[in-house]
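*Asks:* Pasting a structure here, questions to come.
The values are calculated or read from the model by the stated rules, or taken from the named source; none is laboratory data. Note that this is a predicted model, so its numbers are computed, not measured. As a convention, Cβ positions derive from the backbone with ideal geometry for all residues, glycine included, and neighbour counts pool all protein chains shown. Just so you know, the surface numbers come from the protein's heavy atoms only, side chains and all, with ligands and any DNA or RNA stripped out. Shrake-Rupley method; radii C 1.70, N 1.55, O 1.52, S 1.80 Å.
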Amino acid sequence: MNDEFYTVKRAIVMAAGIGKRMQPLTFEIPKPLVKVNGVRMIDTVVEGLRKNSIKEIYVVVGYLKNQFYEWAEGQEDIKIIENPYYDSCNNISSLYMARDYLRDCIILDGDQIIYNADILNPYFELSGYNAVWCEGETDEWLMNVEDGIVKSCSRTGGKHGWQLYSISRWSASDGEQLRKHLEQEFESGNQQIYWDDVAMFCHFEDYRLGIREMKLSDIIEIDNLDELIKIDKTYQKYKYKNHTGGHQL
């Protein structure tokens, strides 16, 4: 591989959240372990990493953490990191707990479905995020990119831009800088932000970020119960419980 490329050596999978928008289903199972058409979401993530020879995998857990220990049993490439702040802080706390592993890493969420493992390719030229071109309106984070470099990002969306997805790669130097910035923000009490805010907004001028282009069909991020039901009708029963004030499982 050309010297101008970096190589991912390890992965950090974010899986500590409560998954409130998928309740009542997530009263009984953490969102990344939810099966969609018979396959756990996190299994598509881990399998995609393995297909790209990324076999040092750290999974940050919090909510219903014991289920992740059961899931990881026998998977020697998976190490569990506990986030004790998962129910009081935003996800900056999860990356803070995994900050020792940020050099030459890929960071991604465990509650998405990877259909095309090529989007987790370990070789990259610039630290930054996977992104999909968005021609129409979106309320997701939208990046303005010029000559392959991220110039700005909108938290409130827009149109004609690159929608940011929760897959990012960080070189050794950028990863070390990200660690310092995470410590600075979290330890100073800025604990209710997304970890992505650290590089994309709080310290944007200290990074030179690029993007990894991908297609909408490569990945699905399921945000709520309605979106899950569209993909897997077997979860319709949870919608009924939710609407009728059914018991919390």
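*Asks:* What's the carbon and sulfur percent of the chain's accessible surface, probe 1.4 angstrom, rounded to a whole number?
*Replies:* On the way: 5230 of 12130 Å².
Within the chain, the accessible surface is 43 percent carbon and sulfur.
*Asks:* Same structure, new question: Which of the listed residues, Asn83, Ile114, Leu33, is farthest toward the dipole's positive end in the chain, when Lys, Arg count +1 and Asp, Glu count -1 at the beta-carbon?
*Replies:* Checked the options; the winner is Leu33.
*Asks:* Quick one: which residues, 5+ away or cross-chain, put their amide H under 5 Å from the amide H of Trp141? H built at 1.01 Å from N.
*Replies:* Leu164
*Asks:* Which whole-Hz ³J(HN,Hα) couplings does the range 152-160 yield from phi under the Karplus relation 6.51 cos²θ - 1.76 cosθ + 1.60, θ = phi - 60°, glycine and proline marked x?
*Replies:* Couplings: 6, 9, 10, 6, 9, x, x, 8, 6 Hz.
*Asks:* The list (i) 16; (ii) 28; (iii) 13 gives values of percent of Cα pairs over 34 Å apart, and only one came from this structure; which label was calculated from it?
*Replies:* (iii)
*Asks:* To continue, here is another question. Could you work out the relative contact order of the chain? I mean the mean sequence separation of Cα pairs under 8 Å and 6+ apart, divided by the number of residues, in percent. Walk me through the intermediate numbers first.
*Replies:* Details: 497 pairs, mean separation 61.6, N = 249.
Result for the chain is 25 percent.
*Asks:* Around Lys9, under 11 Å between beta carbons, what's the net of Lys plus Arg minus Asp minus Glu among the other residues? If you can, show how the numbers build up before the last one.
*Replies:* Working: positive: Arg10, Lys55, Arg103, Arg169; negative: Glu56, Asp104.
Overall, the nearby charge balance is +2.
*Asks:* For the range 218-224, take each phi angle, set θ = phi - 60°, evaluate the Karplus expression 6.51 cos²θ - 1.76 cosθ + 1.60, and give the result in whole Hz per residue in order, putting x for glycine and proline.
*Replies:* 3J(HN,Hα) across the range 218-224, in whole Hz: 6, 7, 10, 9, 9, 8, 8.
*Asks:* Past 23 Å, Cα to Cα: identify those pairs from Lys31/Lys159; Lys20/Lys65; Lys51/Lys230; Lys55/Lys230; Lys55/Lys215; Lys31/Lys230, in the order given. All intermediate terms of the calculation are to be shown ahead of the outcome.
*Replies:* Values: Lys31/Lys159 29 Å; Lys20/Lys65 16 Å; Lys51/Lys230 28 Å; Lys55/Lys230 32 Å; Lys55/Lys215 25 Å; Lys31/Lys230 16 Å.
Over 23 Å apart, Cα to Cα: Lys31/Lys159; Lys51/Lys230; Lys55/Lys230; Lys55/Lys215.
*Asks:* Which shape class applies to the range 57-103: rounded if a/c is under 1.5, otherwise prolate when a/b exceeds b/c and oblate if not, where a ≥ b ≥ c are the square roots of the Cα gyration tensor eigenvalues? Provide the component values of the computation, followed by the final result.
*Replies:* Working: a/c = 3.77, a/b = 1.27, b/c = 2.96.
Oblate is the answer for the range 57-103, as a/c is 1.5 or above yet b/c matches or exceeds a/b.
*Asks:* Also, I was wondering about something else. Please list the non-local residues whose amide H lies under 5 Å from the amide H of Cys153, H modeled 1.01 Å from N, same-chain partners needing a gap of 5 or more.
*Replies:* Distant-sequence amide H within range of Cys153: Asn144.
*Asks:* Averaged over all directions, how much area does the convex hull of the C-alpha atoms of the range 159-239 cover when projected, in nm²?
*Replies:* Working: hull surface 32.5 nm².
That works out to 8.1 nm².
*Asks:* Something else about it: Hey, what's the chain come to in accessible area per residue, 1.4 Å probe, Å²?
*Replies:* Working: 12130 Å² over 249 residues.
For the chain, the per-residue accessible area is 49 Å².
*Asks:* Also, I was wondering about something else. Cα centroids of the range 89-103 and the range 108-186: how far apart, whole angstrom?
*Replies:* Centre-to-centre distance over Cα atoms comes out at 16 Å.
*Asks:* Residue by residue, what Karplus-based ³J(HN,Hα) values in Hz, rounded to whole numbers, does the range 182-197 have, using 6.51, -1.76 and 1.60 with θ = phi - 60° and x for Gly and Pro?
*Replies:* Karplus-based 3J(HN,Hα) across the range 182-197 equals 4, 4, 4, 6, 5, 6, 8, x, 7, 10, 10, 9, 6, 5, 4, 4 Hz.
*Asks:* List the residues whose amide H sits under 5 Å from the amide H of Glu56, counting only those 5 or more places along or on another chain, with H placed 1.01 Å from N in the peptide plane.
*Replies:* Here the answer is Ala11, since their amide H atoms fall under 5 Å of that of Glu56.
*Asks:* Same structure again: Hull surface divided by four, with the convex hull built on the Cα atoms of the range 108-229: how many nm²? Working shown, then result.
*Replies:* On the way: hull surface 33.2 nm².
Averaging across all directions leaves 8.3 nm² for the Cα convex hull.
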